[in-house]
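Chemist: Dropping a structure here in structure tokens format, bear with me for questions.
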Amino acid sequence: MGLRDVLWGRHEVKGPAPDRLFAITTAWVTLESGHSISPAGKAAIVFQALATSDFEATIKDMEEVVKATGGESATTVSTQDDSYGYRWMVLGNPAGKPSCEDLAVGINAVASSIETAGYGERLLCAVFAFVDAKDRPIYFIYNYKRGYWYPFVPEPGDGKQRDTERELQIKAQLGEELPIEPEIERWFPLWGIPI
């Protein structure tokens, strides 16, 4: 970043940091042992789909690779589009055998393929599903554009309400385990998460 960039208010956008994505593979131990928040065995990567044959071929190839490499751990893969024009590639562990490591490796493989094909700017986030002791869903969202995580705790019911107090509590409990987004106004809710 040069002097002109400073004067004209331009700045570089922070790119994805794969090492920060893998922080979930150690943070879940703290979550489970110290706070009764357990992995639900599902994760998803969310990206803006592009209607080109090259992009679709990249996604199809990646889905096949994740299915093939996930065969050992029985990881399932599916895709679906949401009403906002984003595609969700959902990875799931077998029932009763959640593995944050397997899911993080699969999510990272998909993200790397999308970036290598030149579509990195289309990545939105990765979402890992957890449940608390009361069986309430808690999601940890990794924002690719910022390189940070944040918790998202939807209130029970059909309304689009979130439990901000619980989210802040989780942030405090994790301390330095997970690189949490410091700007709370960037903790965007994701409604209708399919995991």
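Chemist: Kindly provide the set of residues from region 121-142 that are farther than 27 Å from K171 by Cβ and in contact (Cβ under 8 Å) with a residue 40 or more places away in the chain, ordered by number. Let's see the steps before the verdict.
Modeler: Narrowing region 121-142 to residues farther than 27 Å from K171 by Cβ: 121-122.
If the condition is that a residue be farther than 27 Å from K171 by Cβ and in contact (Cβ under 8 Å) with a residue 40 or more places away in the chain, then R122 is the only one that fits.
Chemist: Answer with yes or no whether I37 is of a type outside the set (S, T, Y), farther than 22 Å from R122 by Cα and touching a strand residue (DSSP E or B) at 6+ places or on another chain (Cβ under 6 Å). Steps first, answer last, please.
Modeler: Values: of a type outside the set (S, T, Y): yes; farther than 22 Å from R122 by Cα: yes; touching a strand residue (DSSP E or B) at 6+ places or on another chain (Cβ under 6 Å): yes.
Spelling it out, I37 is indeed of a type outside the set (S, T, Y), farther than 22 Å from R122 by Cα and touching a strand residue (DSSP E or B) at 6+ places or on another chain (Cβ under 6 Å).
Chemist: Working only within region 97-123, note down all residues that are within 23 Å of T26 (Cβ to Cβ) and in a loop (DSSP other than H, G, I, E, B). Write out each step before concluding.
Modeler: The first filter runs over region 97-123 and keeps only residues within 23 Å of T26 (Cβ to Cβ), leaving 97-112, 123.
Hits for region 97-123 are K97, P98, S99.
Chemist: Within region 143-187, track down each residue that is assigned to a loop (DSSP other than H, G, I, E, B), at negative phi and free of Cβ contacts under 8 Å to residues at least 24 places away in the same chain. First the steps, then the outcome.
Modeler: Narrowing region 143-187 to residues assigned to a loop (DSSP other than H, G, I, E, B): 144-147, 153, 155-161, 163, 175-179, 181-183, 187.
Subsequent filtering for residues that are at negative phi retains 144-146, 153, 155-156, 158-161, 163, 176-179, 181-183, 187.
Scanning region 143-187 gives V153, E155, P156, D158, G159, Q161, D163, E176, E183.
Chemist: Given the criteria on the phi > 0 side of the Ramachandran plot, over 16 Å from the mean Cα position of the chain (by Cα) and not β-branched (V, I, T), does A74 qualify?
Modeler: Against the criterion (on the phi > 0 side of the Ramachandran plot, over 16 Å from the mean Cα position of the chain (by Cα) and not β-branched (V, I, T)), A74 qualifies.
Chemist: Being under 26 Å from W191 (Cβ atoms), in contact (Cβ under 8 Å) with a residue 60 or more places away in the chain and not in a helix (DSSP H, G or I): is that true of W88 here?
Modeler: Numbers: under 26 Å from W191 (Cβ atoms): yes; in contact (Cβ under 8 Å) with a residue 60 or more places away in the chain: yes; not in a helix (DSSP H, G or I): yes.
Yes.
Chemist: Regarding region 173-193, can at least one residue be identified that is surrounded by fewer than 20 Cβ atoms within 10 Å (Cβ to Cβ), more than 19 Å from H35 (Cβ to Cβ), modelled with pLDDT under 90 and of a type outside the set (D, E, K, R)?
Modeler: Looking through region 173-193, at least one residue is surrounded by fewer than 20 Cβ atoms within 10 Å (Cβ to Cβ), more than 19 Å from H35 (Cβ to Cβ), modelled with pLDDT under 90 and of a type outside the set (D, E, K, R).
Chemist: Further question: Mind checking which residues of region 127-140 are of a type in the set (V, I, T) and crowded, with 22+ Cβ neighbours inside 10 Å? Can you show your working first?
Modeler: Within region 127-140, the first condition is being of a type in the set (V, I, T), and the residues that meet it are 127, 131, 138.
Within region 127-140, V127, I138 meet the criteria.
Chemist: If you don't mind, another one. Yes or no: E63 modelled with pLDDT under 90, acidic (D, E) and surrounded by 15 or more Cβ atoms within 10 Å (Cβ to Cβ)? Please lay out each step first, then the result.
Modeler: Details: modelled with pLDDT under 90: yes; acidic (D, E): yes; surrounded by 15 or more Cβ atoms within 10 Å (Cβ to Cβ): yes.
Spelling it out, E63 is indeed modelled with pLDDT under 90, acidic (D, E) and surrounded by 15 or more Cβ atoms within 10 Å (Cβ to Cβ).
Chemist: A further question on this structure: Here are some residues: V65, V46. Which one is aliphatic (A, V, I, L, M), closer than 13 Å to A111 by Cα and more than 18 Å from the chain's Cα centre (by Cα)? Working first, answer last.
Modeler: Values: V46 fails: more than 18 Å from the chain's Cα centre (by Cα).
Testing whether each residue is aliphatic (A, V, I, L, M), closer than 13 Å to A111 by Cα and more than 18 Å from the chain's Cα centre (by Cα) leaves just V65.
Chemist: Pick from T79, T58: which is assigned to a helix (DSSP H, G or I), of a type in the set (S, T, Y) and modelled with pLDDT of 85 or more? Write out each step before concluding.
Modeler: On the way: T79 fails: assigned to a helix (DSSP H, G or I).
Just a single option satisfies the conditions, and that option is T58.
The values are calculated or read from the model by the stated rules, or taken from the named source; none is laboratory data. Computed from a predicted model, the values in this text were never measured in an experiment. Cβ atoms come from the backbone with ideal geometry, glycine included; neighbour counts cover every protein chain shown.
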